[in-house]
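None of the figures in this text is laboratory data; all of them are computed from the coordinates on show. Here the structure is a predicted model, which means the values were calculated and not measured. All Cβ positions, glycine included, derive from the backbone under ideal geometry; neighbour counts span all protein chains shown.
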Ligand SMILES: Nc1ncnc2c1ncn2[C@@H]1O[C@H](COP(=O)(O)OP(=O)(O)OP(=O)(O)O)[C@@H](O)[C@H]1O
Ligand SMILES: [Mg+2]
């Protein structure tokens with residue numbers, strides 16, 4: 001396969017970029033790929049999260065390597081990593097202020113796919129619509145590439161409340177978000193997800209009892225489905241099905 005770069009971006013903060021990036025990276029590792037998580041956000045949440053996980057078990061087979069930018073010119077660094085890894089997952093800043101916009105632009109320009117996490121609330125959708133313009137400006141420079149997709153995060157009760165379902169339907173309507181499709185896979189709100197950063201765990205290895213009993217099977221399946229959907233879009237073959245891996249996990 002050709003190595004792939006997935007850029008996770010939304011100029012609005014707190015949509016779930018880092019949560020998605022870390023869990024997608026570990027999911028791709030479980031699927032047998034060589035993955036590096038590139039932290040282009042100077043907050044460093046994602047690299048701290050992975051460092052914490054690896055300090056507990058440095059041989060953990062599911063955690064990716066991390067790389068943080070050495071300077072402001074991140075384009076070349078991402079391309080160098082792409083030569084070495086099956087997947088580079090690029091996490092970007094949740095603001096368009098200062099150097100952040102340039103970092104986001106560079107990351108998108110060298111990516112094969114842009115994943116835009118989105119919480120289904122009116123305010124998040126309105127601000128994310130503005131961010132879709134940023135993505136489209138870059139696509140206009142590169143023949144419409146890379147393709148961009150929205151990924152819904154923090155839906156309540158997995159199926160979503162009535163308001164959330166209505167908002168998601170609006171976001172899915174043809175021209176709502178620059179025509180970007182909303183992925184079928186999504187992630188739902190659960191308290192344990194918010195605590196995984198602190199314990200250095202991910203959806204696949206979190207051992208919180210309440211999480212294991214009530215949420216793990218669904219949350220891991222949702223991330224396998226996300227990996228599967230992205231792999232299909234990118235033309236990458238998976239060797240195991242989500243069902244096989246969930247059974248194993
Ligand atoms: N599915 C979820 N369930 C519960 N909490 C979640 C979920 N996804 C994200 N969170 C929490 O929401 C907050 C924002 O998530 P995260 O840090 O991943 O967003 P971000 O887009 O990377 O933010 P920033 O723009 O600041 O980098 C965090 O406290 C995180 O733990
Ligand atoms: Mg983040």
Single residue of 19, 95 found to be within 16 Å of ligand 1 (Cβ to nearest atom) and either assigned to a strand (DSSP E or B) or closer than 26 Å to residue 229 by Cα (or both):
19
Every listed condition ((1) part of a helix (DSSP H, G or I); (2) within 15 Å of ligand 1 (Cβ to nearest atom); (3) surrounded by fewer than 22 Cβ atoms within 10 Å (Cβ to Cβ); (4) in contact (Cβ under 8 Å) with a residue 24 or more places away in the chain) holds for residue 77 save (2)
Would you tally the residues in the range 123-142 being free of Cβ contacts under 8 Å to residues at least 40 places away in the same chain and in a helix (DSSP H, G or I)?
7
Among what's in the range 22-48 and is buried (at least 19 other Cβ atoms within 10 Å of the Cβ), assigned to a helix (DSSP H, G or I) and more than 13 Å from the chain's Cα centre (by Cα), pick the residue that is nearest to ligand 2 (Cβ to nearest atom).
47
Taking the range 68-103, which residues are within 16 Å of ligand 2 (Cβ to nearest atom) and under 15 Å from residue 37 (Cα atoms)?
68, 69, 74, 89, 90, 91, 92, 93
Members of the range 24-48 found to be more than 9 Å from ligand 1 (Cβ to nearest atom) and touching a helix residue (DSSP H, G or I) at 6+ places or on another chain (Cβ under 7 Å), listed by number
24, 27, 28, 30, 31, 35, 36, 37, 38, 39, 40
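Counting only residues that are more than 16 Å from ligand 1 (Cβ to nearest atom) and in contact with a helix residue (DSSP H, G or I) (Cβ under 8 Å, 6 or more places away or on another chain), which one in the range 80-92 is farthest from residue 19 (Cα to Cα)?
86
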Matching residues, the range 130-147, being out of contact with any strand residue (DSSP E or B) (no Cβ under 9 Å at 6 or more places or on another chain) and surrounded by 15 or more Cβ atoms within 10 Å (Cβ to Cβ):
134, 145
Please specify each residue of the range 7-19 satisfying the condition of being within 9 Å of ligand 2 (Cβ to nearest atom) and buried (at least 24 other Cβ atoms within 10 Å of the Cβ).
8, 15, 17, 18, 19
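Residue-wise test of (1) in contact with a helix residue (DSSP H, G or I) (Cβ under 6 Å, 6 or more places away or on another chain); (2) crowded, with 17+ Cβ neighbours inside 10 Å; (3) closer than 30 Å to residue 58 by Cβ.
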position	(1), (2), (3)
162	no, no, no
195	no, no, yes
203	yes, yes, yes
212	no, no, yes
216	no, yes, yes
